[in-house]
Amino acid sequence: MAHGEFIWCDLSTFRPDVTKPFYSELFGWAYEGLTQPDGTAYDVAGTQHGASAAIYQMPPKFVEIGMPSFWMPYIDVEDINAACETALSLGGRVEIGPISWGDFGQVALIRDPLGAGFTVMQGGMPDTSAITPTSGHAMAFALYVSDADAVSGFYNALFGWTLDPQGTETSFNVISKTGAQVAELHQMPDEERGKEQFWSIQFATENLAASKATLLVQGGEVVFEGEGTLLARDPDRGAFFVTEVKSAATPSIPTTTKPTPAKPDTKWRTWVGLGIVYLALFTNLNWLWGILFLMWTIPALRSGETFFVEPISRRDTPGLYWVLIITWIGLSLLLFWYGWGV
């Protein structure tokens, strides 16, 4: 391990009982159950080639602020206290830590000046950086932001990274102090990247077509497909890349700003919802509208996002979010009341 190198990744998820089997089917992961200092489970996933990642229940603090399910990269540092001080001095935020993580070492969750989150670690977790990219293992990391200039100095001071242009003004290889490529940085507008600034993790597969079929069958979603790669979401909407590898060489994360859309799945939940709408209209059973409002409310509670004329996030506008949620639940109960003639 060396300062500024990626050494680990884990998934914070709402339903480990659902996402763990999903990734087992997708990547062949087996799990070793460990315990975090706070007593909660931390399941380390791996293949015959070694440890790959971990999955754990999203902490209540993250749920309260409306965090979605997310993959988190870990970066090695020589002095975690100095790293946090440097991040703060350059406009970053230290969300958690530094804290002792038992036998895992010390960790701190940091956000860069644009808000992209990552974890720094001093000692502890198994170093996966030397594992040859093979199915089920992380093979590359990339940062997607709105302004490369706004964060390049931050990462240079924190890790000693420099940016090497890939031939465009918006995509760069991230080079460590040792001269090795450790990641990529892609500058994209909001309409292509989304509203968040984020680090992404790319996992290897030896058969992309088979992986795509598996993740769809297991309840995942393909967001888009590029040449030899795809962006997917697990059943809790945790996003990750899957890329086909044929050799030890590590291809880069796709930089295309206009990816080829994946073939849509059946969206059966939407069809069920439409069926309830038409059934309610033709049968005049008002309690069916109550079911419809519940179908709208439950995913919003899980994801922390709802929609009423415009997207509403629990993290960004918690007051309005909860007013809408309470309204949907109230309407549902009212419709059950009148529908069943209570």
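The values are calculated or read from the model by the stated rules, or taken from the named source; none is laboratory data. Being a predicted model, the structure only gives us computed values, none of them experimental. Counting neighbours? That spans all protein chains shown, and the Cβs are built from the backbone with ideal geometry, glycine included.
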Exercise. Is one or more of the residues making up segment 264-285 closer than 30 Å to Asp112 by Cβ and either assigned by TED's automatic domain parsing to the domain that holds Met58 or at pLDDT below 90 (or both)?
Worked result: no
For this session: Would you check which residues across segment 219-236 are surrounded by 22 or more Cβ atoms within 10 Å (Cβ to Cβ) and either charged (D, E, K, R) or within 19 Å of Pro16 (Cβ to Cβ) (or both) and list them?
Result: Gly220, Ala232, Asp234, Asp236
Exercise. Within segment 75-100, how many residues turn out to be hydrophobic (A, V, I, L, M, F, W, C), surrounded by fewer than 20 Cβ atoms within 10 Å (Cβ to Cβ) and in a strand (DSSP E or B)?
Worked result: 3
Problem set entry | Long-range neighbours under 7 Å by Cβ, at least six apart or interchain, first residue closer than 21 Å to Gly66 by Cβ within segment 190-219, second surrounded by fewer than 16 Cβ atoms within 10 Å (Cβ to Cβ) | Gln197/Gly115
Seminar exercise, completed: Filter segment 1-15 for residues that are hydrophobic (A, V, I, L, M, F, W, C) and out of contact with any helix residue (DSSP H, G or I) (no Cβ under 7 Å at 6 or more places or on another chain); the one that is surrounded by the fewest Cβ atoms within 10 Å (Cβ to Cβ) is Ala2
Problem set entry | Only listed residue being in a strand (DSSP E or B), surrounded by fewer than 21 Cβ atoms within 10 Å (Cβ to Cβ) and in contact with a Ser or Thr (Cβ under 8 Å, 6 or more places away or on another chain), chosen from Met72, Met67 | Met72
Seminar exercise, completed: Condition set within 13 Å of Leu26 (Cα to Cα) and in a strand (DSSP E or B), scope segment 188-221, selection farthest from the chain's Cα centre (by Cα): answer is Thr205
Exercise. Just to be sure, is Phe203 of a type outside the set (A, V, I, L, M) and in contact with a Ser or Thr (Cβ under 8 Å, 6 or more places away or on another chain)?
Worked result: yes
Exercise. Just to be sure, is Leu114 outside any strand (DSSP E or B), in contact with a strand residue (DSSP E or B) (Cβ under 6 Å, 6 or more places away or on another chain) and in the same structural domain as Ala41 (by TED's automatic domain parsing)?
Worked result: yes
Exercise. Which condition breaks for Phe6 when tested against (1) closer than 19 Å to Ile75 by Cα; (2) hydrophobic (A, V, I, L, M, F, W, C); (3) at pLDDT below 90?
Worked result: (3)
Problem set entry | Long-range neighbours under 8 Å by Cβ, at least six apart or interchain, first residue within 16 Å of Val107 (Cβ to Cβ) and assigned by TED's automatic domain parsing to the domain that holds Phe141 within segment 54-77, second of a type in the set (D, E, K, R) and part of a strand (DSSP E or B) | Ala54/Asp10; Ala54/Asp43; Tyr56/Asp10; Tyr56/Asp43; Trp71/Asp10; Met72/Asp10; Tyr74/Asp10
Exercise. Inside segment 172-187, can you point out the residues that are under 16 Å from Ala148 (Cα atoms) and either of a type in the set (Asp, Glu) or not in a strand (DSSP E or B) (or both)?
Worked result: Glu184
